Amino acid sequence: MTFVIGAACVDVLDRACIEECPMDCIFIGNRMAYIQPDECTDCGACEPVCPVEAIYYEDDMPPGQEQFVAENARFFDEPLPGRTAPLGHPGGTRGAGALGVDTPYVQEYQPLSQ
């Protein structure tokens with residue numbers, strides 16, 4: 001089991017979670033952040049600092065947000081528009097900064113408040 005970032009992060013990107021992550025496994029896309037599931041050690045340091053409460057254990061995603069579990073994995077496992085190869089297991093962000101890409105689902109995602 002790993003932590004996953006859900007819908008509340010879309011278009012917010014507070015980044016407090018990145019500063020708390022001891023594994024350096026939270027990456028910034030264009031509209032939201034993603035947790036590398038194979039590098040996350042489930043320490044939970046990121047969850048309480050998220051100001052919009054967007055981080056959940058993958059089995060605890062709120063109803064209607066289950067797709068974010070798949071999208072989180074897809075971000076690392078597949079080439080995406082604007083990126084020709086999968087990101088894979090990079091071994092931490094190493095100061096990667098914002099990668100500027102999202103999965104197609106997140107690119108098109110419309111938060112309920114809009």
Residue count for segment 66-75, restricted to those that are crowded, with 17+ Cβ neighbours inside 10 Å and part of a loop (DSSP other than H, G, I, E, B): 0
Filter result (assigned to a loop (DSSP other than H, G, I, E, B), in contact with a strand residue (DSSP E or B) (Cβ under 9 Å, 6 or more places away or on another chain) and over 17 Å from ASP38 (Cβ atoms)) within segment 76-98: GLY97
All positions within segment 23-60 that are in a loop (DSSP other than H, G, I, E, B), charged (D, E, K, R) and touching a strand residue (DSSP E or B) at 6+ places or on another chain (Cβ under 8 Å): ASP42
Among residues of segment 72-97, those that are in contact (Cβ under 8 Å) with a residue 24 or more places away in the chain, among the hydrophobic types (A, V, I, L, M, F, W, C) and either touching a Lys or Arg at 6+ places or on another chain (Cβ under 9 Å) or farther than 18 Å from ALA54 by Cα (or both), counted: 4
Among (1) aliphatic (A, V, I, L, M); (2) modelled with pLDDT of 95 or more; (3) under 20 Å from PRO104 (Cα atoms) - the single one VAL49 does not satisfy: (3)
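The values are calculated or read from the model by the stated rules, or taken from the named source; none is laboratory data. In this text the structure is predicted, and so the values were computed from the model without any measurement. In this analysis, Cβ positions are derived from the backbone assuming ideal geometry, glycine residues included, and neighbour counts consider all displayed protein chains.
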